[in-house]
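Computed from the coordinates by the stated procedures, all read-outs in this text should not be read as laboratory data. On a predicted model such as this, the values are computed, not experimentally measured, just so you know. Cβ sites come from the backbone with ideal geometry, for glycine too, and all protein chains shown count toward neighbours.
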């Protein structure tokens, strides 16, 4: 629990603009504050649950769930280098690091969803192999998997709906001036399994 509290607290003090692949050249005022680790709040409940620390592709044919929620990367940027510092804190493993930001080796953590050639194949493998009543895919209108191809894949495995939700594009250099931001769409594909 102490480790989880530390990991949750670090982003409030890190000298970054969003991810850990690059640090700010000058110190942000929050990075100079004294570190305070905030405790977790616990909520009691009557439902049981399981937590897995595995590659999700190793679990898809082992679990039987009501809702399978997928939120994969939607572009070529891998998640692992963006959050490498948090992973090092979690593992406390003193890895070999490289580059200015001290990145750890992540070659064994690459997502097939970050590759245009393998993303749709991976989605199809999940839709075909996993055991679920509903599969919900959260994606982005500018993702590397085109909407028509996603619909084609999911359509093979049941009935689906697509809900598009408009969002303002995040633009770090806009200084909060939303009139210069363009809208993108969060896409929720909801597939009801026929199996």
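Global size of the range 9-82: 18.1, 49 Å for Rg and Dmax (C-alpha atoms, Rg to one decimal, Dmax whole).
Per residue, the average separation of C-alpha pairs within less than 8 Å and at least 6 apart gives the range 1-109 a relative contact order of 31 percent. Residues 65, 51, ranked from the fewest to the most other C-beta atoms within 10 Å, line up as 51, 65. With the helix formula -39500 (n - 2.57) applied to DSSP H stretches of n ≥ 4, the chain reaches a computed 222 nm mean residue ellipticity of -5500 deg cm²/dmol. For the chain, the antiparallel share of DSSP beta bridges with both residues in that region comes to about 75%.
Under the criterion of Cα pairs below 8 Å and six or more residues apart, the relative contact order for the range 46-195 equals 26 percent. Given R₀ = 35 Å, what would the calculated FRET efficiency be for residue 142 paired with residue 5, taking r from the Cβ atoms and rounding to 0.05? Result of the calculation: an efficiency of 0.50.
If you take P(r) over Cα pairs in 10 Å bins from 0, in percent from the coordinates, which of [x] 8, 31, 34, 20, 6, 1, 0; [y] 9, 30, 30, 20, 9, 2, 0; [z] 7, 25, 31, 28, 9, 0 do you get? Checked against the structure: label [z].
When the square roots of the Cα gyration tensor eigenvalues are ordered a ≥ b ≥ c, the ratio a/c for the range 49-155 is 1.5 or more and a/b does not exceed b/c, which makes its shape oblate. Sorted ascending by nearby beta carbons within 10 Å, beginning with the fewest, 46, 122 become 46, 122. Annotation for residue 161 and residue 67: the two label points, set 7 Å from Cα along the Cα-Cβ direction, are 1.3 nm apart.
The slack in the chain from residue 37 to residue 13, taken as 0.36 nm per residue of separation less the alpha-carbon distance, amounts to 7.6 nm.
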